[in-house]
Structures are given as structure tokens and as C-alpha cells.
1. Scan region 301-333 for residues that are buried (at least 17 other Cβ atoms within 10 Å of the Cβ) and over 25 Å from Trp244 (Cβ atoms) and report the count.
2. For region 676-696, which residues satisfy the criterion of being hydrophobic (A, V, I, L, M, F, W, C) and in a helix (DSSP H, G or I)?
3. Can you confirm whether Trp624 is in the same structural domain as Lys700 (by TED's automatic domain parsing), outside any loop (DSSP other than H, G, I, E, B), free of Cβ contacts under 8 Å to residues at least 12 places away in the same chain and farther than 19 Å from His257 by Cβ?
4. Go through (1) under 25 Å from Lys529 (Cα atoms); (2) without any contact (Cβ under 8 Å) to a residue 24 or more places away in the chain one by one and return the number of the condition Ala658 breaks.
5. Applying the selection to region 12-58, what residues are under 22 Å from Phe431 (Cβ atoms) and touching an Asp or Glu at 6+ places or on another chain (Cβ under 9 Å)?
6. Which one of the conditions (1) among the acidic types (Asp, Glu); (2) in contact (Cβ under 8 Å) with a residue 60 or more places away in the chain; (3) assigned to a helix (DSSP H, G or I) does Glu124 fail to meet, given that it meets all the rest?
7. For Leu93, all conditions in the list (1) outside any helix (DSSP H, G or I); (2) under 30 Å from Glu469 (Cα atoms) hold save one; what is the number of the exception?
8. If only one of Lys638, Lys643, Lys659 is over 28 Å from Thr50 (Cα atoms), among the charged types (D, E, K, R) and either in contact with a helix residue (DSSP H, G or I) (Cβ under 8 Å, 6 or more places away or on another chain) or not in a helix (DSSP H, G or I) (or both), which one is it?
Amino acid sequence: MELQKFQYDNKIVKWFAYATMVWGVVGMVAGLLAALQLCIPALNLNLPFTTFGRVRPIHTNAVIFAFVGNGIFMGVYYSLQRLLKARMFSDFLSKVHFFGWQLIIVLAAISLALGKTTGKEYAELEWPIDILITLVWVVFGWNMFGTIIRRRERHLYVAIWFYIGTLVTVAMLHIVNSIEIPVSFWKSYSWYAGVQDALVQWWYGHNAVAFFLTTPYLGMMYYFLPKAANRPVYSYRLSIIHFWSLIFIYIWAGPHHLLYTAVPDWAQSLGVVFSVMLIAPSWGGMINGLLTLRGAWDKVREEVVLKFMVVAVTAYGMATFEGPMLSLKNVSAISHYTDWIVAHVHVGALGWNGFLTFGILYWLIPKMFRTELYSKKLANAHFWIGTLGIVLYAVPMYWSGIMQSLMWKEFTPEGQLKWQFMDTVTKMIPFYATRAIGGTLYLVGVVLMVYNIIKTTKKGSFLANEDAEAPALAKDVSEHKNEHWHRWIERKPVQMMIVSLVVVMIGGIIEFVPTFLVKSNIPTITSVKPYTPLELQGRDIYIREGCYTCHSQMIRPFRSETARYGEYSKAGEFVYDHPFQWGSKRTGPDLARVGGKYPDSWHYTHMLDPTSMSPGSIMPSYPWLFDDQIDVSSTVAKIKAMKRLGVPYPDGFENIAAKDMEKQAKVIAENLNKDGIQTLPDREIVALIAYLQRMGTDIKNQQKDTLRKN
């Protein structure tokens with residue numbers, strides 16, 4: 001058979017590799033700053049764009065979508081061409097994809113620093129950027145499937161199954177979770193509210209981990225680990241079980257982030273069951289990866305690339321065992337809202353994603369530059385410094401997380417809570433400091449890698465277009481009687497894409513439909529009313545400043561929580577919350593019932609100087625709220641958007657909303673004046689106080705009405 005000559009495009013791989021390293025350093029510097037801010041609050045710098053509430057989303061978006069995202073595309077563009085024996089479908093589409101993705105990252109960093117956020121974790125970017133993400137993802141899919149269609153290899157290797165699963169599922173997750181009503185160019189409200197929004201968000205949030213941080217990296221593991229070890233994958237059959245069971249089961253597990261919340265019990269239980277089931281396919285993949293190295297352990301000791309990959313696969317196994325354990329209700333009762341979750345997430349992020357990326361970079365760059373790695377000693381130093389960094393990061397967070405939970409729950413013999421919340425905060429500071437040391441070590445390792453790779457590129461000669469040859473794809477004669485049954489779908493990429501999409505849609509549909517269509521899942525509470533215009537403006541300021549990154553608004557039905565915060569939360573309380581604000585971490589106390597707990601002057605002073613009201617507080621101050629005016633011009637658009645979302649404001653209310661807001665603001669300003677605080681009623685702090693004083697009061701009012709009737 002005549003061989004066809006063609007060339008692989010290494011230039012696009014190089015671009016994504018460089019972007020991976022640049023954004024990796026940027027994202028990790030932002031993470032280190034956030035970590036240091038928790039033990040040295042002065043590093044918030046009293047500036048809007050450097051507070052923890054804005055730095056933390058910048059960090060998470062940078063490491064997930066910039067560092068890992070570019071790492072995915074680097075690995076996919078390199079491996080896909082070689083597995084399919086074809087150049088990428090379009091050099092132009094490759095360039096559009098690269099520059100489009102970098103534009104998204106830059107816009108994300110700028111908009112988040114400016115407080116332009118939806119307030120939904122890992123999906124904070126506002127609607128114009130969401131649309132851009134969709135368009136760039138379509139370009140990536142077009143380029144990938146175009147390459148698959150014109151391939152010279154009949155069967156699709158297991159890595160490509162995972163790439164296809166990633167492509168269709170990430171598209172589905174992003175589109176469904178990003179349905180929102182625009183208010184202005186940089187402001188929108190989630191289409192969903194309360195319980196429904198929480199379910200959709202954590203269906204997205206959990207599966208962003210599954211289908212952005214896991215499945216594409218598993219595809220890369222299946223390609224680069226055997227290549228680096230020069231050995232075949234341990235088991236073809238195990239890879240089949242791994243792929244199909246993983247993508248089917250993973251999509252159901254989102255509700256385990258919402259245990260003991262106002263989400264219906266049946267949805268919580270469904271999440272637990274499928275989370276526990278995840279152990280099997282996850283460990284099947286880990287075993288397949290590690291057993292690929294059978295007989296090659298001497299090589300692992302010698303080759304730094306394999307060291308990184310072995311630790312990465314091991315970290316994947318650890319994280320995917322711990323995740324299902326954390327989904328058990330009795331374990332979640334201890335771990336949720338604590339630093340334990342931070343440790344769990346970073347074992348996966350630093351160990352699995354980070355180390356696999358580093359291993360691939362150390363393997364790829366010398367090959368593309370046709371030279372040896374500049375310094376194996378530096379690479380080994382990176383490995384050990386990075387490993388120590390992970391240990392010093394994770395162990396203190398596990399320790400502090402368990403301490404937090406035990407302190408929150410401890411009672412005196414007299415039946416009183418033993419610890420004030422602030423006591424638990426001050427006890428955490430040494431652990432936060434140690435975590436920051438671990439993060440610093442990890443970052444130092446990355447800087448060593450960047451230096452090592454720069455020196456490698458300088459001594460080598462880059463091969464932009466790599467010559468290759470392969471026979472043309474022969475016709476499928478459908479005579480495969482002796483082949484494994486799965487070979488059929490491996491020859492049908494479009495069918496594989498459709499089947500993958502159906503498999504991942506099943507779980508989401510079954511979880512969402514009852515909650516959206518069966519009213520008994522979210523019983524209404526007559527005392528719950530829409531936010532006033534001033535409260536709505538205050539809520540938007542609360543979201544803008546990232547308060548949800550440290551404070552939850554969800555009181556679970558535990559004695560310790562009801563004793564500390566008040567009546568446990570009900571599903572009907574959140575029907576007008578677009579988006580929901582239940583939070584995922586309690587660096588500060590829960591705020592679900594904070595309304596009416598303190599006078600207006602307490603909130604005013606607390607936002608100006610948190611330590612004056614809460615000695616030992618690590619919360620930043622917000623001086624700009626006392627100078628900046630409320631954006632009154634946006635009020636009409638916000639009320640109209642809320643009405644379109646079904647919030648029952650009276651007809652024509654948007655026309656009188658500004659007067660209503662002014663009236664309520666004057667009352668708060670007068671209350672402050674009585675306590676000796678002079679402020680203008682049009683300042684943002686007034687709106688924020690209005691929102692804080694509203695939280696939880698609808699339920700309190702209902703209880704008062706019930707007592708009066710009785």
C-alpha cells in the first residue's frame with residue numbers, strides 16, 4: 001500500500017505549552033497571594049481588586065481554565081495528530097482557538113479583578129465571555145472532529161474516547177449552567193433560583209472537575225504514560241470499562257456537594273449513591289495507568305518524567321477515593337465548609353493535574369526541539385520540591401479542617417457552644433501559614449521548570465512541521481468477526497460522540513426534571529418576599545466583592561448550627577435568589593440569619609475595620625464602599641430582569657423603584673446618624689447594610705406571625 005507523506009503541526013503545540021507555563025505561574029502566584037491573605041490580612045492592601053474575594057476567583061479561573069486548559073490543548077493537539085496519523089484539520093482554526101482562548105483568559109482576569117462576576121463558583125464569568133467561550137469551544141470541536149474525519153487510522157485509541165467525551169460534556173455543562181438574563185453588558189442574573197440554581201451549579205461544578213480536570217487528563221495519561229515508559233497500556237478491556245462507566249456515573253454525583261442543605265433528600269441520596277460507585281471506574285483507570293509500568297520500575301527511578309507521572313496517577317487515585325468518602329453523609333457532616341475540602345481539591349489539582357502537566361512538558365519540549373533536557377538535576381529538584389510542597393500544603397489543611405469542624409460542634413457540659421466562631425479563625429492561622437509555605441515551594445518548583453525548559457529550547461532547534469507518513473485510510477469492509485465488539489464504535493466517531501452525549505445527559509435530566517416540574521420539591525413560604533430595590537443593589541455588591549467565597553448562607557439541621565446561627569434553612573427561602581449564595585467554605589461565619597442580629601452601625605464599622613468589631617478577624621476592609629455611589633441608573637433594568645425571571649414585583653414597580661430605594665436608604669442613614677455615624681444615603685455601604693439586615697428575616701417574621709396567631 002502506498003504511503004502518504006504529511007507533516008504534524010508542532011507550532012500550535014509549542015504555543016499552548018508556553019501558555020501553560022506562563023498562566024501556571026500567574027495562577028499560582030494569585031493562589032499564593034490568596035493563601036497569604038488568610039494569615040496576613042494586610043496583604044489585601046485595602047484596594048478593591050486585591051481583596052481575597054476577588055483574588056480567589058482569579059486564582060481558581062487561572063489555574064483551571066488558563067493553566068490546565070492550555071495544558072489540555074497542548075496534550076490534545078500533540079497526541080491527536082499522531083494517534084490519527086493526520087495533521088490538524090485547519091492551521092487557521094488552530095490559531096483562532098489559541099488566540100481566542102488567551103483572549104478569554106485575559107478578559108476573565110480583568111473582569112474578575114473589577115468585580116464583574118456572576119457569583120457562581122468556577123462559572124463566575126459574565127455573559128459576553130460565556131458566549132466567547134462557547135464560540136472558541138466550537139472552533140476546538142470543529143478542528144478536532146475535522147481531524148478525526150480525515151484520519152489515516154481506522155480505530156480510535158482510548159485517549160481519543162476521553163477527548164470526545166470531554167468535548168461534548170463540557171459544552172453541555174457550560175451552556176446549561178450559563179443560561180442567564182443580561183441586565184447590562186457586564187451584569188446578568190442566573191436563569192435559575194435557589195434550590196434549582198444550587199443543583200445546576202454543582203452539577204456543573206462537580207463535573208467541571210470530572211470533564212475538564214479529569215477526563216482530558218486521563219486521555220493524556222493513556223497516551224503520554226505509555227510513550228514515556230515505552231510500554232503498551234496494561235489492559236484494553238479495562239480502558240473500555242473505565243471510559244463508559246466513568247462518564248455515565250460521574251454526571252450524577254453533583255448533589256453530594258449539597259448534603260444536609262435545602263435540596264430534596266432524594267437528590268442528595270442519589271448523589272451519594274453514584275459518588276460511592278465512582279470508586280470503581282476511577283481506580284480502574286489508576287490501576288490501568290500504574291500497571292502499564294509493570295516491569296519498568298527501574299526506569300521510573302531513573303526518568304524524572306515517569307516520576308512526575310507516577311505521582312500524578314497516584315494523586316488521582318487518592319483524590320478519587322477520598323471524594324466518594326467525603327460524599328457519605330456522616331463524613332460530609334464533618335468535612336463540608338471546612339479546610340478539609342481545600343486539602344482534597346488541591347491533592348487533585350497539584351498532584352494529578354500539575355504533576356501530569358509537568359511530566360508531559362518535560363517529555364514534549366525536548367522532542368519538539370530535538371535535544372536533551374537542559375538539566376535532569378533541576379528537573380529532579382523540581383520533583384522533590386513540588387512533592388514536599390504538596391505535603392506541606394495538604395497536611396495542614398486536613399488538620400485544620402478537622403479542628404474547625406470539631407470546634408464548631410463542641411458544647412460545654414452545660415449545653416452551651418464552647419467556642420465562638422472567631423476562636424476557630426485565630427486557631428487556623430498557623431495552618432494557613434504552613435499551607436502558604438507549601439504553596440511557595442510548589443511555585444518555586446514551577447519556576448525551576450520554566451527556567452529548565454527555556455534553557456532546553458535555547459540549546460535545541462525547533463521542528464515546526466514534523467515529517468510523517470502513513471497509508472491512506474482503507475475502506476471499512478465490515479468484516480471484523482474476530483475483533484472485540486467495542487471496535488465497531490471505535491470506527492464511528494460521530495456515533496461515539498452521540499452515544500457519549502446521551503450517556504452524560506441521562507443523569508442530569510433525572511436529577512433536574514423533578515426539581516423543576518414537581519412543586520412539592522420546593523414548598524413555598526408565604527412570608528418570603530422579593531428583595532427591595534436597595535436590598536437587590538446591596539446583594540449585587542455582596543456578590544461583586546466575592547463575599548460568598550468566605551461566608552455561607554445555608555444553616556444545616558445540626559444542633560451546633562441551629563444553636564450558633566438560628567433556625568435551619570428551608571428550600572422556600574431562596575426562591576428569589578438569582579443566583580443562590582449558599583457558599584462552599586466558611587472562613588467566616590454563616591450569614592443566613594444575620595439580619596437584625598446587629599445594629600446598622602455594627603455593620604458599618606465592621607466593613608470599615610473588621611478587627612474593631614471582631615478582634616482577630618482576617619477579613620479585609622472595604623473603604624471604597626463608603627465613597628462609591630450606588631448605581632441608581634441600573635435599578636430599572638435589574639427590576640425588569642427579575643420580573644422576567646418570575647419574581648413577583650407589582651406591575652410598573654420598576655418606575656417607582658428608585659424612589660423606594662431612596663426612602664429605605666434614608667432610614668438606614670438616619671439609623672447610622674443616631675449612633676454618631678454620618679454618611680450619605682446614596683453610598684454603596686448603605687445598600688450592603690440593607691441586604692445584610694434582610695437576610696433570614698422572612699423566616700423570623702413567619703415565626704412571629706405564628707406566635708401571634710397561637
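The values are calculated or read from the model by the stated rules, or taken from the named source; none is laboratory data. Bear in mind the structure is a predicted one, so any value in this text is a computation, not a measurement. Glycine gets a Cβ as well: all are built from the backbone with ideal geometry, and neighbour counts include every protein chain shown.
1. Matching residues across region 301-333 total 9.
2. Ile685, Val686, Ala687, Leu688, Ile689, Ala690, Leu692, listed by residue number.
3. Numbers: in the same structural domain as Lys700 (by TED's automatic domain parsing): yes; outside any loop (DSSP other than H, G, I, E, B): yes; free of Cβ contacts under 8 Å to residues at least 12 places away in the same chain: no; farther than 19 Å from His257 by Cβ: yes.
So Trp624 does not fit the description; no.
4. Single failed check for Ala658: (2).
5. Correct list: Thr51, Gly53.
6. Condition not satisfied by Glu124: (3).
7. (1)
8. The match here is Lys643.
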